[in-house]
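What follows is one structure encoded as structure tokens, with my remarks underneath.
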Amino acid sequence: MCSLDRGGGGGALRERFGLENLAVLPIRPAISGRLEATATAPEAAAATDAVVRAVGRQALIRPERPQAKATPPHIELHWSNGRVERVPNRTLRLACSCALCVDEMSRKPVFDPATVPEDIHATELWTIGNYALGVVWAEGHSTNDFPFQMIETLVAEAGK
Ligand SMILES: [Zn+2]
């Protein structure tokens with residue numbers, strides 16, 4: 001993720017999606033209007049170059065996507081270096097932060113965890129680029145974006 005430094009909006013995106021902030025682009029009010037008005041401004045070209053460089057750097061840092069496997073009662077991420085992250089299905093399901101599960105403004109859960117069965121499991125898994133896992137749950141809910149970084153945090157917390 002790259003964010004525009006207009007008051008910390010990148011922090012909210014980082015928290016919600018678990019994305020690393022690759023670059024912060026300073027936006028001065030005097031030129032931000034021009035940036036939005038035309039893509040040919042020198043400032044826009046410089047900003048585009050900064051984003052492209054940051055994305056390219058990230059591709060070099062973490063170019064892989066893990067293999068996702070449903071191994072009830074867990075979901076596993078298998079990395080090429082042999083590392084396996086194993087997260088309990090229910091723990092992951094309860095961490096869903098989609099708009100149906102979490103209030104967009106307060107970031108508080110809007111569903112009753114008691115409605116999630118103890119034996120919840122995934123019926124479909126897929127990876128999204130090198131940053132997230134998608135899951136269709138047996139209860140019928142779908143989570144399209146569990147960032148790998150967030151799953152790593154859940155695994156670490158479960159191990160404490
Ligand atoms: Zn959800």
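Computed from the coordinates by the stated procedures, all read-outs in this text should not be read as laboratory data. Every value quoted in this text rests on a predicted model; they were computed, and no experiment measured them. Cβ: placed from backbone, ideal geometry, glycine included. Neighbour counts: every protein chain shown.
Tabulated values for the structure
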| item | result |
| --- | --- |
| Residue within the range 141-150 that is within 16 Å of the ligand (Cβ to nearest atom) and surrounded by fewer than 16 Cβ atoms within 10 Å (Cβ to Cβ) present | yes |
| Selection from the range 76-119 of residues that are more than 12 Å from the ligand (Cβ to nearest atom), surrounded by 14 or more Cβ atoms within 10 Å (Cβ to Cβ) and not in a helix (DSSP H, G or I) | E76, L77, H78, V84, E85, R86, V87, P88 |
| Subset of the range 120-140 [more than 10 Å from the chain's Cα centre (by Cα) and surrounded by 19 or more Cβ atoms within 10 Å (Cβ to Cβ)] | I120, A122, V135, W137 |
